[in-house]
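To start, the structure itself, in structure tokens.
The values are calculated or read from the model by the stated rules, or taken from the named source; none is laboratory data. Remember, predicted model here, so these are calculated numbers, not experimental data. Neighbour counts run over all protein chains shown; Cβ positions are idealised from the backbone, glycine included.
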């Protein structure tokens, strides 16, 4: 009967020794996490620096030397000249010494160029730290965009720059007047024909018809037979002229 108390005392002492050793063992366990963020710049990237900001929620662990925020600077032109126009950087190591769920937000501060489109996405990070089967602390990170519940995402901010050349002045097209609408010609419609009659004379008509006056006689007209008397006279005169011409011709021959 005395052996049982001795065995119980030995087991209790062993349990106390193990429980006392666990805090010391846990103090030596730590999980380290390095978070990467990427910035992509396309187009005519300006000479400016874009800042990606990591913010801790509810007192989550942060890189050494940081309180609640850590920053990464990305020169826009370095992003443009990098492969795939993307530059990737890593925050300083975050150390976790106890299991738990730790949350963060990551966002990009907008640049100052008017002719640029900056990515204003807010990412939510959840870090789950737990013991694995080997008794070591391990951390697992999940990333999602604001508004995308459960969807996995990559810490990538996409920015695009438009050309810095001044826009050409607007060209005002020459004024071209509208073609006038032709006025339709009136269509003649058949209508009534108005007959204008001469006015009725107002003078009274004479009671008696006055006959026309007869023409006065103008002497006796020459009769047709009276025009034949000059014919014999003219014929005789012609014969006399012919005879005189013949006589003169003979006389000239005789004198010669």
Test: residue 79 is within 20 Å of residue 118 (Cα to Cα) and either surrounded by 19 or more Cβ atoms within 10 Å (Cβ to Cβ) or touching a residue at least 12 places away in the same chain (Cβ under 8 Å) (or both): yes
Within the range 141-155, tally of residues that are closer than 21 Å to residue 94 by Cα and surrounded by 12 or more Cβ atoms within 10 Å (Cβ to Cβ): 6
Verdict on residue 153 being modelled with pLDDT of 80 or more and in contact with a strand residue (DSSP E or B) (Cβ under 6 Å, 6 or more places away or on another chain): yes
Hey, residue 113 within 40 Å of the chain's Cα centre (by Cα), farther than 16 Å from residue 155 by Cβ, surrounded by 14 or more Cβ atoms within 10 Å (Cβ to Cβ) and in contact (Cβ under 8 Å) with a residue 40 or more places away in the chain or not: yes
Yes/no for residue 119 being under 27 Å from residue 46 (Cα atoms), assigned to a loop (DSSP other than H, G, I, E, B) and in contact (Cβ under 8 Å) with a residue 12 or more places away in the chain: yes
Residue within the range 4-23 that is loosely packed, with under 14 Cβ neighbours inside 10 Å, out of contact with any strand residue (DSSP E or B) (no Cβ under 7 Å at 6 or more places or on another chain), in a loop (DSSP other than H, G, I, E, B) and at pLDDT below 95 present: no
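Residue-by-condition table, conditions (1) under 30 Å from residue 136 (Cα atoms); (2) surrounded by 10 or more Cβ atoms within 10 Å (Cβ to Cβ); (3) modelled with pLDDT under 95:
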position	(1), (2), (3)
30	yes, yes, yes
37	yes, yes, no
45	no, yes, yes
51	no, yes, no
54	yes, yes, no
57	yes, yes, no
60	yes, yes, no
65	yes, no, yes
68	yes, yes, yes
In the range 156-185, residue modelled with the lowest pLDDT [restricted to those that are surrounded by 10 or more Cβ atoms within 10 Å (Cβ to Cβ) and in contact with a strand residue (DSSP E or B) (Cβ under 8 Å, 6 or more places away or on another chain)]: 162
Verdict on residue 127 being on the phi < 0 side of the Ramachandran plot and buried (at least 18 other Cβ atoms within 10 Å of the Cβ): yes
